[in-house]
Structures are given as C-alpha cells and as structure tokens.
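Heads up, the thing below is written out as structure tokens.
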Amino acid sequence: MFENLSERLERSFKILKGEGKITEINVAETLKDVRRALLDADVNYKVAKSFTDSVKQKAMGMNVLTAVKPSQLMVKIVHDELAELMGGKAVELTLENRPAIVLMSGLQGSGKTTFSGKLANMLKNKQHKNPLLVACDVYRPAAIQQLHVVGESVGVPVYSEPDNKNVVEIANNAIREAKAKNYNVVIIDTAGRLAVDEEMMNEIATLKEAVNPDETLFVVDAMTGQDAVNTAKEFNDRLDFDGVVLTKLDGDTRGGAALSIRTVVTKPIKFVGTGEKMEAIDVFHPDRMADRILG
Ligand code: GDP
C-alpha cells in the first residue's frame, strides 16, 4: 500500500550515482520523496515540511554529498531524526501516590476500556502492582459492563456504581475503597463521545481537577490519521494530559500519527496498543516507530 521509504531513498540515490557527483539539487529531490512518503504515512503537512528542512540541514552538515554511501547515510539521518522528534527514549509512567491514579481520556471507540484492562494487567503481572479499575463511563450501561468483563478477564477488580451519574463521587468513593483495601493503582475509565463536545470535556476536566491524577492519558486510534492530531490538540488544550496511548497499531497504518501528535502537542507517547487481546500492549519506543514509518 505505502511505498517503502527506505527503498525510495535507495532508488533516488542509485539514479544519482549513475550521474556522477551528487548535488544539492539531487538531495532536494530526495527530500521531496521523503516528504511524500511522510504524507503517505499520515504525517501532518507542516510537520513533514519542518522535518525535511531539518533533515536537509543535518545532511549538509554531515557532508552527505561526499559520503561513500549517501543513500545509507540519508536513511540513517532520516531514521534518527524521526526517533528524536518522537522523544528519543521511551517514557515511563510516574506512579508515586498511594494509591496512584491514572485517568483515561479520549473519544468513544478509541480503545480506552480495552487499554484500561491492558494497563491493569501489565501493572499487575510485570510490576506486581495491585490495581483497581473504576467505571466512570456512566452514560452507557454497556460500557460499565464491558469494563467488568475486561476486569474479570485479567483478574482485576472493578469499582462501579451503576445508579450514580456523578463521576466525581464515583471516583472519590473508588479512591477511598482503594485506600481501605490497599489497591495501589486506581485506573479510571471515562466516557468518550464520537466527537469532541463541550459537555464531555467539562466532565473530564472537572474529574481531573477533583482526583488530581498522577497520569492523565489520552487514548487515540492510530488509524484515524489527521483527525487523531486534531483531537489530541483539543484534549491537550483542555486537559494538559501527561501522555498519549496510540491504539490499533496492529492495523495497516504506518503510524505517522505518532510523529504528528508528538510534534503538535509535545507530550510523550507512552504506550501503543497492538490488538484486542489484553496482552497486546507495548511501551512506546521512538526508534521502533521510526523503523515502522520508514517501512
Ligand atoms: P472506548 O470506547 O474508548 O472504551 O473503546 P474500546 O476499548 O471499547 O475499544 C473499541 C474497539 O476497539 C473494541 O472493539 C476494541 O476491541 C478495539 N480495540 C481497542 N484497542 C485495540 C487495538 O490496539 N487493536 C485493535 N485491533 N483493536 C483494538
């Protein structure tokens, strides 16, 4: 579906080699290829432009014109620059309070409930935490039920109050319960809508203020491309979240949304979701995502 960027670069430079010395114009042509490939991978236009500008500077600085293997050097520069733009290193969750509170945010269908279960499962099995899941998506009874199913499948208890619509009350009661029963991480699943709306934003902003989470995570479907970037911006303007969870990377998306989101909201991507199963969660590694975008 997408043309492989590494191969494109290889091809452009092969053509160049046939013509003798590589020139600045050749490099510019190649960078156009890079830009096109980034756009194909769903990278936002402005991000792609500023990215290729900085690659150009690096390429000139590293004397790509006289390098023995210019195409390999270009691929490396592009790769490293991509990884750098996405934060360079993996960023962990900071869970310091007892109990630590993790608040999920994002649109309906982005994968919040699934990710809440995955995170609980990971914290329990890999970090020996004792998590409690909390159902604060109070508008759809099916959502509360879904969290119970997820909780049961990973062996993590779920706190819910099916007749209460006051999410601040539910969350505070859950935190009290966590303290009483020694749960050390409270993961709060919230309601999303199909599009950003004022009521939803007010609710989650109020909830955030009330519970003062250690981590507010924004969950977004990687397949939604440019929309993902706009939604990320709206949620960040309102919530000033701590990190992004990019779900559905098991699909055929190149993952360009990762680069755009990271650049537009300057918040780290902390996790990726790679399937519907509870084990399909990975810590986000910028260099691996750079590989994926390059193809
Ligand atoms: P919520 O409305 O934000 O709570 O979203 P859900 O957790 O209910 O997820 C919506 C749909 O996406 C469900 O069918 C999930 O199974 C699916 N889903 C969630 N995460 C992933 C993922 O990483 N990969 C795939 N393929 N599907 C996912």
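A few comments on the model shown:
- Index of the failed condition, Ser160 passing every other in (1) in contact with a strand residue (DSSP E or B) (Cβ under 6 Å, 6 or more places away or on another chain); (2) surrounded by fewer than 18 Cβ atoms within 10 Å (Cβ to Cβ): (2)
- Listed conditions (1) within 13 Å of the chain's Cα centre (by Cα); (2) away from the ligand (no atom under 16 Å from the Cβ); (3) surrounded by fewer than 21 Cβ atoms within 10 Å (Cβ to Cβ) are all met by Arg262, apart from (3).
- Residue check for Arg238: more than 10 Å from the chain's Cα centre (by Cα), away from the ligand (no atom under 14 Å from the Cβ) and surrounded by 23 or more Cβ atoms within 10 Å (Cβ to Cβ): no
- Set Gly295, Gly256: member being farther than 26 Å from Asn121 by Cβ, open to solvent by 10 Å² or more (accessible area, probe 1.4 Å) and of a type outside the set (Phe, Trp, Tyr): Gly295
- Within the range 218-239, residues that are farther than 13 Å from Val265 by Cα sit with their Cβ atoms under 7 Å from residues that are among the polar types (S, T, N, Q) and at pLDDT below 90, at 6+ positions apart or across chains, in these pairs: Ala222/Thr253; Met223/Thr253; Gln226/Asn44.
- The lone criterion from (1) within 20 Å of Gly151 (Cα to Cα); (2) of a type in the set (Gly, Ala, Ser); (3) open to solvent by less than 10 Å² (accessible area, probe 1.4 Å) left unmet by Ala228 is number (1).
- Checked against (1) modelled with pLDDT of 95 or more; (2) more than 19 Å from Glu92 (Cβ to Cβ); (3) in a loop (DSSP other than H, G, I, E, B); (4) not hydrophobic (A, V, I, L, M, F, W, C), Thr206 meets all criteria but (3).
- Among all residues of the range 111-129, there is at least one that is in contact (Cβ under 8 Å) with a residue 60 or more places away in the chain, touching a Ser or Thr at 6+ places or on another chain (Cβ under 9 Å), open to solvent by 10 Å² or more (accessible area, probe 1.4 Å) and assigned to a loop (DSSP other than H, G, I, E, B).
- Strands (runs of 3 or more DSSP E) (entirely within the range 241-292) containing at least 3 residues that are in contact with a Lys or Arg (Cβ under 7 Å, 6 or more places away or on another chain) and not basic (Lys, Arg): 243-247
The values are calculated or read from the model by the stated rules, or taken from the named source; none is laboratory data. These numbers were taken from a predicted model, which means no experiment stands behind them. We place every Cβ from the backbone using ideal geometry, glycine too, and count neighbours over all the protein chains shown. The area values use the complete protein model at the heavy-atom level, side chains included, leaving out ligands, DNA and RNA. Shrake-Rupley method; radii C 1.70, N 1.55, O 1.52, S 1.80 Å.
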